[in-house]
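What follows is one structure encoded as structure tokens, with my remarks underneath.
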Amino acid sequence: MAVRTTWTVIHACGHSVEHNLSDRPADRRAGFTRWLSGRDCTDCWKASRTGDNLSRDEWLAARRAAEQAAAKEWAEQFDMPPLDGPERALEWGERSRHQLVTTAYTALVTEGFSVKSCVLSESASDSVSSSGVTSRGRLQPASVAACPPHLPPRV
């Protein structure tokens, strides 16, 4: 008596496909064919995945363009220095700089943590502006005692 190992399955997409089920245990072949019949065939599944990738790529390109526009606007507004490098790296760098600085600003200002009180100037000869920023771009400490215990001041 020959064992039937090839089954014809009519998939949910309507295509009829021959499946070799010799690698499946005999008592599980019928259940697997029922499961296959509820799914698209391999070709239709791959075609639907390719379509998803195209829409995903379009969405990603639109999101990157919006992020790039926001980063350029932000850089102009705050007079940020231009970056050097290849065009692709420049776009990534501008987006990354914008995300990093705005995220840090949000975390520090929204959470109420004062950077001024915890970052020490490395040079006592730095001139300090009215905003507390030294001539080298470092923040002058308001009070070393104001630093939270988990962030000791740099000396």
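The values are calculated or read from the model by the stated rules, or taken from the named source; none is laboratory data. These numbers come from a predicted model, not from an experiment. Glycine gets a Cβ as well: all are built from the backbone with ideal geometry, and neighbour counts include every protein chain shown. To get the accessible areas, we keep the full protein, side chains included, count just its heavy atoms, and leave off ligands, DNA and RNA. Shrake-Rupley method; radii C 1.70, N 1.55, O 1.52, S 1.80 Å.
Pairing residues of the stretch 80-97 that are under 15 Å from residue 66 (Cα atoms) with residues that are modelled with pLDDT under 90 and among the basic types (Lys, Arg), at Cβ distances under 9 Å and at least 6 apart in sequence or on separate chains, gives no pairs at all. Just to be sure before I move on: is residue 58 modelled with pLDDT of 90 or more, within 34 Å of the chain's Cα centre (by Cα) and closer than 30 Å to residue 97 by Cβ in the structure I sent? No: the conditions fail for residue 58. Take residue 39 and tell me if it is basic (Lys, Arg), in contact (Cβ under 8 Å) with a residue 24 or more places away in the chain and assigned to a helix (DSSP H, G or I). Spelling it out, it is not the case that residue 39 is basic (Lys, Arg), in contact (Cβ under 8 Å) with a residue 24 or more places away in the chain and assigned to a helix (DSSP H, G or I). Scanning the stretch 15-37 for residues that are charged (D, E, K, R) and open to solvent by less than 100 Å² (accessible area, probe 1.4 Å) yields a total of 2.
Residues that are surrounded by 15 or more Cβ atoms within 10 Å (Cβ to Cβ) and at pLDDT below 85 within the stretch 69-114 comprise just one, 114.
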